[in-house]
């Protein structure tokens, strides 16, 4: 991004004052993170008002500011500014304008789970094309996604935008800004049932992406969700490709067979029509087979060759706290999967635990949020899974986590209950010894990385 404040204001039809060059090379809504050349957008929210931080933004080298309060002009002696009634709307309009002025492949990624991991795989396999702009962290909402688009540069070759959803109409809103030519839906799970009531409603919300794929575009869909997605398939003008990691759908364009989990990660055979490749992933969790296949399907559609795909996936790393495996100073294997949790990823993580070397396998499992009517059932299923996979010792953390513990205990597993992370850490310290393997996992709000930090010293 390299445009003047005048060019932005004129293109978007906003009032402005430019006294000097005012060349914008980036956009920020956080005064603490402003870099030289950034356009600082002062958002006026319920908790904080960005106008209070205009001085800080300018001191850090902001090329100009976007304001909604005219009194700030005189108060801060502003020289380069754009006046916008709503800073968030300005940011979204700017992102839409920038998107319209590029013809690079834009890939929209959504789904109940696995969005970030799939995004990470996509970023890896697309690097052979050149510079790729990818959503950072959880910048997948009405503010974060526009900020991602604003990172476009002249030499950018592709862009991957993650699209979060907390209700009907939100994916549609984000698509109207990003205008994806390619898309993928990782899966339709039970996460967000608390808000939307059913998997069918979740499917409807996620499938808003389908209607935005143009006639020359492609969307990759998980074959396991055919029935849930079926009502909205006709809304897609582009081509649909299916991927299957279960071995049940022989008609899927991309199929995985002979999946092997091992200490270094996962190996599987990928079949795409008459073509086959052996795929190595340097990450754990069988759910990542499906995530990597989604990335492969889109990469092939935008022209990445097989050799580049195979090589990139073998080296791909995932965003932190996703099945990170390390050993502490006492020789205990620690599996940090504290970033988030849902029933499927819980079961997959337990499998990873059981595949580790270690004299005893210990699971520290906490609450899973946003499951609505499936809340009790899902937690008890995880407890049963811990028993089926022969976990030696389980610490159940939190009110919902207690449901995991109750089911496991009734089935004969040794279980202790902890009301919070501090108590769980204390229980662990009393029990663990050299050679043990420990899994720590729960929903983001549980902040169970605190337990990992305690283990690592």
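The values are calculated or read from the model by the stated rules, or taken from the named source; none is laboratory data. On a predicted model such as this, the values are computed, not experimentally measured, just so you know. Every residue, glycine as well, gets a Cβ built from its backbone with ideal geometry; the counts of neighbours run over all protein chains shown.
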### Query
Can you pull out the strands (runs of 3 or more DSSP E) entirely within the range 349-435 that have at least 3 residues that are buried (at least 20 other Cβ atoms within 10 Å of the Cβ)?
361-365, 393-397
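For the range 243-281, give me each residue that is part of a strand (DSSP E or B) and on the phi > 0 side of the Ramachandran plot.
In the first step, residues of the range 243-281 are kept if they are part of a strand (DSSP E or B); the result is 243-244, 254-262, 265-272, 275-281.
Listed by number, the residues that qualify are 258, 265.
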### Task
Quickly run through the range 302-323 and pick out the residues that are in contact with a strand residue (DSSP E or B) (Cβ under 8 Å, 6 or more places away or on another chain), farther than 15 Å from residue 362 by Cα and surrounded by 20 or more Cβ atoms within 10 Å (Cβ to Cβ).
309, 313, 316, 322
### Query
Hey, does the range 229-250 have a residue that's buried (at least 21 other Cβ atoms within 10 Å of the Cβ) and farther than 30 Å from residue 372 by Cβ?
no
#### Entry: Among (1) more than 30 Å from residue 228 (Cα to Cα); (2) at pLDDT below 95; (3) buried (at least 19 other Cβ atoms within 10 Å of the Cβ) - the single one residue 114 does not satisfy
(1)
### Query
Among the residues of the range 1-19 satisfying the criterion of being over 16 Å from residue 73 (Cα atoms) and in a loop (DSSP other than H, G, I, E, B), which is modelled with the highest pLDDT?
13
### Task
List the number of the failed condition for residue 187; all other conditions in (1) under 20 Å from the mean Cα position of the chain (by Cα); (2) within 30 Å of residue 97 (Cβ to Cβ) hold.
(2)
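Residue-wise test of (1) buried (at least 18 other Cβ atoms within 10 Å of the Cβ); (2) at positive phi; (3) modelled with pLDDT of 95 or more; (4) assigned to a helix (DSSP H, G or I).
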position: 55; (1), (2), (3), (4): no, no, yes, yes
position: 58; (1), (2), (3), (4): yes, no, yes, yes
position: 62; (1), (2), (3), (4): yes, no, yes, no
position: 65; (1), (2), (3), (4): yes, no, yes, no
position: 92; (1), (2), (3), (4): yes, no, yes, yes
position: 99; (1), (2), (3), (4): yes, no, yes, yes
position: 108; (1), (2), (3), (4): yes, no, yes, no
position: 118; (1), (2), (3), (4): yes, no, yes, yes
position: 123; (1), (2), (3), (4): yes, no, yes, yes
### Task
Of the conditions (1) touching a residue at least 60 places away in the same chain (Cβ under 8 Å); (2) outside the structural domain of residue 202 (by TED's automatic domain parsing); (3) touching a strand residue (DSSP E or B) at 6+ places or on another chain (Cβ under 6 Å); (4) not in a helix (DSSP H, G or I), residue 78 clears all except one; give me its number.
(3)
### Summary
Filtering the range 135-158 down to residues that are over 15 Å from residue 88 (Cβ atoms), surrounded by fewer than 20 Cβ atoms within 10 Å (Cβ to Cβ) and free of Cβ contacts under 8 Å to residues at least 40 places away in the same chain yields 136, 138, 155
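Take residue 346 and tell me if it is in a loop (DSSP other than H, G, I, E, B), touching a helix residue (DSSP H, G or I) at 6+ places or on another chain (Cβ under 7 Å), buried (at least 22 other Cβ atoms within 10 Å of the Cβ) and not assigned by TED's automatic domain parsing to the domain that holds residue 288. Spell out the reasoning first.
Details: in a loop (DSSP other than H, G, I, E, B): no; touching a helix residue (DSSP H, G or I) at 6+ places or on another chain (Cβ under 7 Å): yes; buried (at least 22 other Cβ atoms within 10 Å of the Cβ): yes; not assigned by TED's automatic domain parsing to the domain that holds residue 288: yes.
Criteria not met by residue 346.
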### Task
Among the residues of the range 153-178, count how many are closer than 17 Å to residue 119 by Cα and either in contact with a helix residue (DSSP H, G or I) (Cβ under 8 Å, 6 or more places away or on another chain) or at pLDDT below 95 (or both).
13
